[in-house]
Amino acid sequence: MGIEYITLLIVAALLGLMAIGIPLGITTLLVSLGTAILYFGERAGFFIVSANVTEVLHKYELISVPFFVFMANILERSGIAHSLFESMAIMGGRFRGSVGVQTCIVAVVLAAMSGIMGGEIVMLGLIALPQMLRLGYDKKLAIGIICAAGALATLIPPSVVLIVYGLAAQVSITGLFAASIGPGLLLASLYITYILVRVRLNPALAPVYDIPETGLPFVKRLPFLKGVILPGILIGAVLGVIYSGVATVTEAAAIGAVGAVIVAMVRQELTWIKMRDAMRQTVLTVGSIIWLVLGAVALIGIYNRIGGGEFLRGLLTALDVPPLAVIVVMMMIVMVLGTFLEWIAILFITVPIFAPVVIDLGFDPIWFGVLFAMNIQIYYLSPPFGPACFFLKSVAPKEVTLQDIFSAVLPFIALQSVGLMLVLLFPQIALFIPSLLN
């Protein structure tokens, strides 16, 4: 049987098993194991699958994932997001749309402290959304800001998406972190510009944040910046040791985990119950990630052994289109897969095949990694399966329906697509900072 028919059978098996409710990690493991046994026999098949799984678990950089997840869980329970939001809202002063703009800025800071998207959207949904709704912000504008800004954690370092991409593509995670700063700030700037233009055209969408503190002169508002000090120190410590070369990403993640505990202690928010809950949630999150990693690695390992990787790379390189159009095709494949697969499965299934093609075409795999993360960010918002929408629904007031959320994120998906196209056409947006570090 030809590899093209095997490819179709593997896809059909994946869809069929997921359709009957089997978790994705187990599904990919079962399909990879079944393929290995059919091709290599029972004994050799089991050995090949276990060897692929063992190899990825030996990667030192993978240890950074539980550290960053633990850091995010501790910070979520320390109340630092609430203090940060209050400080930034007051410092923003009195201008129309200020709370929406400050929410985007806070989201950037939280993204630089967490690296995972779900927790950030939950925090913003609990803190910023009720505040904007209470002030009389348009419901859909407020919802869109929370989802889009919260999803910045997939791109802004220390993004877990970029860490896993670096492992799969075998490229520098430090380089990926540096390359993602420009695109991350670009997206945040697009969101802020959109907010300011919308409220300028229609002032009813966003009333002025009119409390006594916002009316103070700028110098007298400076003491309210105290809520930014601890987050600033933590971000500076984690990213500073990475970019300076003092520590690896894994070591920086450990520093961040310890720093988050210290921050919680300084704020007198660290209790045994909060520590236990943070550890429990870390185990659950990392456990689900590891199962997805194992299944995806096993599947792509077997698929490459039977010639699938060469088959797909041949299809891509044989396309009679300009090299940049091949990159666009890859992005479209990722978008389609995002309709029924988790991001980590998409990553491990596509990146080992795409990365060599990207290099053969003369492109930088770090630049492609940033494009991939931006594409995953679009997937996080896109109906009908956008995880960001469901995260926000879990903490939103009862009057906020899932239909409200889906319609609210559409303009921001368009902005994300604009940002993706800009980085695609102008790679220096991503590669400028890495070039300075080299």
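Would you mind pulling out the separation of the Cα centroids of the stretch 253-283 and the stretch 417-432, in Å?
36
So what is the relative contact order of the stretch 123-191, in percent, for Cα pairs below 8 Å that sit 6 or more residues apart?
On the way: 44 pairs, mean separation 19.2, N = 69.
Once normalised by length, the contact order is 28 percent.
Where the centre of each part is set by its Cα atoms, how far does the stretch 124-172 sit from the stretch 311-327, in angstrom?
The distance from the Cα centre of the stretch 124-172 to that of the stretch 311-327 comes to 33 Å.
As a check on your grasp of the helix formula, calculate [θ] at 222 nm for the chain: sum -39500 (n - 2.57) over DSSP H runs of n ≥ 4, divide by the residue count, round to the nearest 500.
Values: 21 runs with 341 residues, N = 438.
Roughly -26000 deg cm²/dmol at 222 nm, from the helical runs in the chain.
Comparing G314, G45, G25, which has the greatest mean-square fluctuation in the GNM of the chain with Cα pairs linked when under 10 Å apart?
G314
With a ≥ b ≥ c the root eigenvalues of the C-alpha gyration tensor of the stretch 128-177, is it rounded (a/c under 1.5), prolate (a/b larger than b/c) or oblate?
Details: a/c = 5.58, a/b = 4.32, b/c = 1.29.
Because a/c hits 1.5 or more and a/b exceeds b/c, the stretch 128-177 counts as prolate.
Can you spot the lysines whose alpha carbon is less than 23 Å from K140's alpha carbon? Ignore those fewer than 8 places along the same chain.
Answer for K140, where 23 Å is the Cα cut-off: K393, K398, listed by chain and number.
Excluding residues on the same chain fewer than 8 positions from K226, give the lysines whose Cα lies under 24 Å from its Cα.
The reachable lysines, counting only those whose Cα sits under 24 Å from K226, are K274.
Each residue of the stretch 229-244 in turn: what ³J(HN,Hα) in whole Hz from Karplus with 6.51, -1.76, 1.60 and θ = phi - 60°, glycine and Pro shown as x?
4, 5, x, x, 5, 5, 4, x, 5, 5, 6, x, 6, 6, 6, 7
Send over a whole-number figure in Å² for the accessible area per residue of the stretch 239-392, probe 1.4 Å.
Numbers: 6480 Å² over 154 residues.
Using a 1.4 Å probe on heavy atoms only, each residue of the stretch 239-392 averages 42 Å².
According to the square roots a ≥ b ≥ c of the eigenvalues of the Cα gyration tensor, what is the shape class of the stretch 223-369, taking rounded for a/c under 1.5, prolate for a/b larger than b/c otherwise, and oblate for the remainder? Present the calculation step by step, with values, prior to reporting the outcome.
Numbers: a/c = 2.91, a/b = 1.96, b/c = 1.48.
Prolate shape, in that a/c is at least 1.5 and a/b is the bigger ratio.
Label the stretch 164-272 by shape, choosing from rounded, prolate and oblate, from the square roots a ≥ b ≥ c of the eigenvalues of the Cα gyration tensor; if a/c is under 1.5 it is rounded, and otherwise prolate applies when a/b is larger than b/c, oblate when it is not.
On the way: a/c = 2.72, a/b = 1.39, b/c = 1.95.
In terms of gyration-tensor shape, oblate.
Read phi for every residue in the stretch 378-385 and hand back ³J(HN,Hα) as whole Hz from Karplus 6.51 cos²θ - 1.76 cosθ + 1.60, θ = phi - 60°, with x for Gly and Pro.
4, 4, 4, 9, 6, x, x, 10
Is there a quick way to get the dipole size of the chain? I mean about its Cα centre, with the Cβ of Lys and Arg at +1 and of Asp and Glu at -1; what is the value in debye to the nearest 20?
Here the size comes out at about 1120 debye.
Can you tell me the alpha carbon radius of gyration of the stretch 345-438 divided by the globular rule-of-thumb value 2.2 N^0.38 Å? Please list the in-between numbers first.
Values: Rg = 16.6 Å, N = 94, 2.2 N^0.38 = 12.4 Å.
So the stretch 345-438 has a normalised radius of gyration of 1.34.
Going by alpha carbons, how many degrees (0 to 90, nearest 10) lie between the helix axis of 428-437 and the longest principal axis of the chain?
Between helix and principal axis, roughly 90 degrees.
Given a 10 angstrom Cα cut-off, can you work out which residue in E42, E399, E86 is the most mobile in a GNM of the chain?
Looking only at E42, E399, E86, the largest GNM fluctuation is found for E399.
Go through the stretch 5-14 residue by residue and turn each phi into a ³J(HN,Hα) via Karplus (6.51, -1.76, 1.60, θ = phi - 60°); whole Hz please, and just put x for glycine and proline.
Residue by residue, the stretch 5-14 yields 6, 4, 4, 5, 5, 4, 4, 5, 5, 4 Hz.
Counting only heavy atoms of the protein chains, get the accessible area per residue of the stretch 80-236 (1.4 Å probe) and round it to a whole Å² value. It would help to have the intermediate numbers written out before the result.
On the way: 5170 Å² over 157 residues.
Dividing the accessible area of the stretch 80-236 by its residue count gives 33 Å².
Given H placed 1.01 Å from N in the peptide plane, which residues other than close sequence neighbours of G97 have an amide H under 5 Å from its amide H?
Those lying under 5 Å, H to H, from G97 are Y209.
Using alpha carbon centroids, what distance separates the stretch 91-120 and the stretch 1-19, in Å?
Distance between centres, Cα-based: 43 Å.
Just to make sure I understand: if all protein chains stay in place, what is the order of M88, M421 by accessible area at 1.4 Å, largest first? Don't jump to the answer; show the numbers that get you there.
Numbers: M88 30, M421 90 Å².
Descending accessible area places them as M421, M88.
For helix 139-150, report the angle its Cα long axis makes with the longest principal axis of the Cα atoms of the chain; keep it between 0 and 90° and round to the nearest 10°.
60
Give the aspartates and glutamates reachable from K220 as a straight Cα distance under 17 Å; neighbours fewer than 8 places away on the same chain don't count.
E86, D210
So how tilted is helix 160-169 from the main axis of the chain? Cα-based, degrees 0 to 90, rounded to 10.
The two axes meet at around 30 degrees.
Subtract the Cα-Cα distance of K274 and F340 from 0.36 nm times their separation in residues, and report this length gain in nm to one decimal.
On the way: separation 66, 0.36 × 66 = 23.76 nm, distance 3.42 nm.
Net length gain for the segment: 20.3 nm.
What percent do you get for the relative contact order of the chain when only Cα pairs under 8 Å and 6+ apart count?
Over the chain, the number comes to 26 percent.
Mean 1/r over all different Cα pairs, inverted: what Kirkwood radius does the chain give, in Å? Please report the intermediate quantities before stating the final value.
On the way: mean 1/r = 0.0442 Å⁻¹.
Hydrodynamic radius (Kirkwood, Cα pairs) of the chain is 22.6 Å.
Test of understanding: in a Gaussian network model of the chain with alpha carbons linked when under 10 Å, which of T271, T27, T103 would top the mean-square fluctuation ranking?
Highest fluctuation among the options: T271.
Could you estimate the translational diffusion coefficient of the stretch 1-103 from the Stokes-Einstein equation, with Rh from the Kirkwood formula over C-alpha pairs, at 37 °C and 0.692 mPa s, in whole µm²/s? Can you show the working numbers first?
On the way: Rh = 18.5 Å.
My calculation gives 177 µm²/s for D.
The values are calculated or read from the model by the stated rules, or taken from the named source; none is laboratory data. No experiment lies behind these values; they were computed from the predicted model shown. Virtual Cβ from ideal backbone geometry, glycine too; neighbours counted across all protein chains shown. Just so you know, the surface numbers come from the protein's heavy atoms only, side chains and all, with ligands and any DNA or RNA stripped out. Shrake-Rupley method; radii C 1.70, N 1.55, O 1.52, S 1.80 Å.
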